[in-house]
Amino acid sequence: MTPEQYQVCRCGGTEPAFSGKYWDTKTAGTYHCTACAAPLFSSETKYDSGSGWPSFWAAASEHAVTEKADTSLGMRRIEILCASCESHLGHVFPDGPQPTGLRYCVNSTSLELKAKE
């Protein structure tokens, strides 16, 4: 892991908005966990939320990510973690598009895109 990947995945850090390699990517494929290679999100559920981070309206499966309450920074949020290795991915918010109404806001650093061939 690079120092930046370690800071995000293991220490719960966040990359600056509009700085990650996947925030504006339109490549078709599957986004995997940087740390353990587990499939996390599909490009089919990726959308431009305007937040500056890759955003998805659903995880790759109901068992791909886990959620944990996050009360840091003086607010209440829901942290999302890789269900396989517990790497910090980002947060999920209830302001996404249908059909789920969710916005999984993910750090590019915690993802590795495997493009469709």
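The values are calculated or read from the model by the stated rules, or taken from the named source; none is laboratory data. Since the model is a prediction, treat every value here as computed from it, not as a measurement. We place every Cβ from the backbone using ideal geometry, glycine too, and count neighbours over all the protein chains shown.
Note on region 104-117: among residues that are among the small types (G, A, S) and surrounded by 11 or more Cβ atoms within 10 Å (Cβ to Cβ), the one that is farthest from W53 (Cα to Cα) is S110. Reported count of residues in region 69-103, each being on the phi > 0 side of the Ramachandran plot, surrounded by fewer than 19 Cβ atoms within 10 Å (Cβ to Cβ) and at pLDDT 95 or above, is 2. Could you say whether any residue in region 44-51 is in contact with a Leu (Cβ under 9 Å, 6 or more places away or on another chain) and more than 20 Å from F18 (Cα to Cα)? Taking every residue of region 44-51 in turn, none turns out to be in contact with a Leu (Cβ under 9 Å, 6 or more places away or on another chain) and more than 20 Å from F18 (Cα to Cα).
In region 15-32, the residue that is surrounded by the most Cβ atoms within 10 Å (Cβ to Cβ) out of those that are outside any strand (DSSP E or B) and touching a helix residue (DSSP H, G or I) at 6+ places or on another chain (Cβ under 7 Å) is G20. The residues of region 33-68 that are of a type outside the set (S, T, Y), surrounded by fewer than 15 Cβ atoms within 10 Å (Cβ to Cβ) and not in a loop (DSSP other than H, G, I, E, B), listed by number, are E44, E67, K68.
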